[in-house]
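Notes follow once the structure below has been shown.
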Amino acid sequence: MTQSSLPIVRLRPKANARAIRHGFPWVYANELVTDRRTKALPPGSLAVLEDDTRQAMGVVAVNNGSKLICRMLDTDPGATIDQAWFAARLSRAQQMRERLFDGPYYRLIHAEADGLPGVVIDRFGDVAVIQPNAAWAEVLIGPLAAALAEVTGVSAIVKNATGRARGLEGLGEETVVLRGAVEGPIPVAMNGATYMADLLGGQKTGLFFDQRPNHAFAARLARGARVLDVFSHVGGFSLAALAAGADQALAVDGSAPALDLARQGAAQMGVEARFDTRKGDAFDVMAALAEEGAQFDLVVCDPPAFAPSRQALEAGLRAYERVARLAAPLVAPGGYLGLCSCSHAADLTAFRTASARGIGRGGRRAQLIHTGFAGPDHPLLPQLAESGYLKALFFRLAP
C-alpha cells in the first residue's frame, strides 16, 4: 500500500509523541483517537500515524483488539510495506548475524529491535521458522515469507503460530509449512554440542538460541563434573557440559518427546554412555534427588516463564525462589548453581533477590560469579527495558 491509499489514525493530545519520534515502537490503546473509522479497521491494517497537530509520524500497524493498538513499522509516512520492504529489513538483520556466527543457525529477526514488530524468525540452516505474533504479520505473511526465501535462500519455511503473544493479539494457533518440506528433527551444532530441533512439534521454534552464551559459560565449569540439568528441554545445558568434558550429566524435564530429542543429540555426539534422563515434574524430581542424597558439581535450572505478566509476578518470584531452595542442597560443597529466568515481568533485581533468598532457605551460602543474558542475535531496543527478558545467574556455593 502507498501512503495515499492508507487510512489516517491520530494520537490524543496527551500521548507521548516525542517518545515515538525517538524510537518507542508502540502506541497504547488509551493514546489513540478511536473514532468510528479507526474502530472499523480490521486487525493488522496499515495506517499513517499522525500526532495531535496532524503531523505525519510514520506507517503503523493497527489492531483495535490489542492493548498495543499501533506498532510502528516505518518512520517514513510514504513507505510501501511490500516484499521489497521486508527484504531490506531481513538483509540488514542477516548481515549482522553473518558477522557473529560461523553457520546459519541463529535468531534472524528479534521483533521490534530488528524493525519487524511482533515477528520472530529463527534460522536452522536451510529451514527458517517464522512466528508472526502480531496481527499485521499474519496479514502480510505472504510477502514476508517470499522476502525471507529471497534473502536467505532457505528451501523450507515453517509458520509457527502458537504462544501467549498471539492470544493477546486475538489470533488463533497453527503450525504449517509454508514452503518446501521439513522431515524430522534437524541437528544443530552449538558450543561443541549437537541439539535435535523439532521445528514442527517442539517448544517455540524448536530450539532456544538465546541461551547459547549461557550454555557456553556453564560448559566452562563442567570439565570433570557431575551435572544436573533441570527443565532441560532438549538437553541445553547438559549436552554443552558433556561436550566440554563433564563426567556425567542428568537431564530432567516433564516432556518425554523433549528428553527423547536430548538422547538423540547425545547419541549424535557419541556421549550417550555419560548421559541420562529423568522424566517428571522438576520440583518433584529435585525433592526426590535430595531424598536419595544425590549431589552434583554443577546444577542448572532453566524453567519456563513463571512471571509472564505483571499480574503473575508475585507468584512467579515465589516459584523462582522455590527452584533455588530445592536446587541448592543438590550442589556439592564448592560446586556451582545456575538459575535462569525468561520472564519479562521479573527484572534482574527481583529475580536475583528471589534466587538468593531461595539459596539461603535451602541452607546454603553462595557468591554470585556471573550474570548472563541472551546472545547478540537477540538485540534489544533501549526504549524497551522489558525486552531484556532472559537472565542467568551463576553462583558458587560455599563448601
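The values are calculated or read from the model by the stated rules, or taken from the named source; none is laboratory data. The shown structure was predicted, so the numbers you read here are calculated from the model rather than taken from an experiment. Virtual Cβ from ideal backbone geometry, glycine too; neighbours counted across all protein chains shown. Just so you know, the surface numbers come from the protein's heavy atoms only, side chains and all, with ligands and any DNA or RNA stripped out. Shrake-Rupley method; radii C 1.70, N 1.55, O 1.52, S 1.80 Å.
Scanning the range 158-176 for residues that are of a type in the set (D, E, K, R) and part of a strand (DSSP E or B) gives 159, 174. Among the residues of the range 166-177, is there at least one that is touching a Leu at 6+ places or on another chain (Cβ under 7 Å) and either hydrophobic (A, V, I, L, M, F, W, C) or surrounded by fewer than 24 Cβ atoms within 10 Å (Cβ to Cβ) (or both)? Yes; the residues of the range 166-177 include at least one that is touching a Leu at 6+ places or on another chain (Cβ under 7 Å) and either hydrophobic (A, V, I, L, M, F, W, C) or surrounded by fewer than 24 Cβ atoms within 10 Å (Cβ to Cβ) (or both).
Residue under question is residue 377, and the condition is that it be part of a strand (DSSP E or B), of a type in the set (D, E, K, R) and farther than 13 Å from residue 230 by Cα; does it hold? I'd like the intermediate steps shown before the answer.
Values: part of a strand (DSSP E or B): no; of a type in the set (D, E, K, R): yes; farther than 13 Å from residue 230 by Cα: yes.
Criteria not met by residue 377.
Looking across the range 350-399, the residues that are at pLDDT 95 or above, open to solvent by 60 Å² or more (accessible area, probe 1.4 Å) and over 24 Å from residue 297 (Cβ atoms) come down to 353, 373, 376. Checked against (1) within 23 Å of residue 141 (Cα to Cα); (2) touching a residue at least 24 places away in the same chain (Cβ under 8 Å), residue 22 meets all criteria but (1). Flag not set for residue 199, criterion: in a strand (DSSP E or B), within 14 Å of residue 130 (Cα to Cα) and in contact (Cβ under 8 Å) with a residue 12 or more places away in the chain. Applying the criterion of being within 17 Å of residue 170 (Cα to Cα) and not hydrophobic (A, V, I, L, M, F, W, C) to the residues of the range 39-58, the residue that is least open to solvent (accessible area, probe 1.4 Å) is 44.
In summary, residue 167 fulfils each of the numbered conditions (1) over 26 Å from residue 389 (Cβ atoms); (2) out of contact with any strand residue (DSSP E or B) (no Cβ under 9 Å at 6 or more places or on another chain); (3) not hydrophobic (A, V, I, L, M, F, W, C) with the single exception of condition (1).
With respect to (1) open to solvent by 10 Å² or more (accessible area, probe 1.4 Å); (2) in contact (Cβ under 8 Å) with a residue 60 or more places away in the chain; (3) of a type in the set (A, V, I, L, M), the lone exception for residue 345 is condition (2). Condition check for residue 334 on (1) at pLDDT below 95; (2) open to solvent by 10 Å² or more (accessible area, probe 1.4 Å): one failure, at (1). Taking residue 81 as meeting all but one of (1) assigned to a loop (DSSP other than H, G, I, E, B); (2) touching a Lys or Arg at 6+ places or on another chain (Cβ under 9 Å), write down the number of the exception. All conditions are met except number (2).
Quick check, is residue 74 among the charged types (D, E, K, R) and open to solvent by less than 60 Å² (accessible area, probe 1.4 Å)? Write out each step before concluding.
Numbers: among the charged types (D, E, K, R): yes; open to solvent by less than 60 Å² (accessible area, probe 1.4 Å): yes.
Considered against the rule, which asks whether it is among the charged types (D, E, K, R) and open to solvent by less than 60 Å² (accessible area, probe 1.4 Å), residue 74 comes out as yes.
Annotation note: Cβ proximity below 6 Å between a residue of the range 183-195 that is farther than 10 Å from residue 236 by Cβ and a residue that is of a type in the set (Phe, Trp, Tyr) and part of a strand (DSSP E or B) (sequence gap 6+ or interchain) occurs for 186/124; 188/105; 188/195. Consider the range 122-155 and keep the residues that are of a type in the set (Val, Ile, Thr) and under 14 Å from residue 61 (Cβ atoms). The one that is least open to solvent (accessible area, probe 1.4 Å) is 141. Among the residues here, residue 90 qualifies as more than 14 Å from residue 117 (Cβ to Cβ), touching a residue at least 60 places away in the same chain (Cβ under 8 Å), in contact with a helix residue (DSSP H, G or I) (Cβ under 9 Å, 6 or more places away or on another chain) and outside any loop (DSSP other than H, G, I, E, B).
Of 222, 189, 181, 216, all but one fail to be within 30 Å of residue 247 (Cβ to Cβ), part of a loop (DSSP other than H, G, I, E, B) and not basic (Lys, Arg); the exception is 222.
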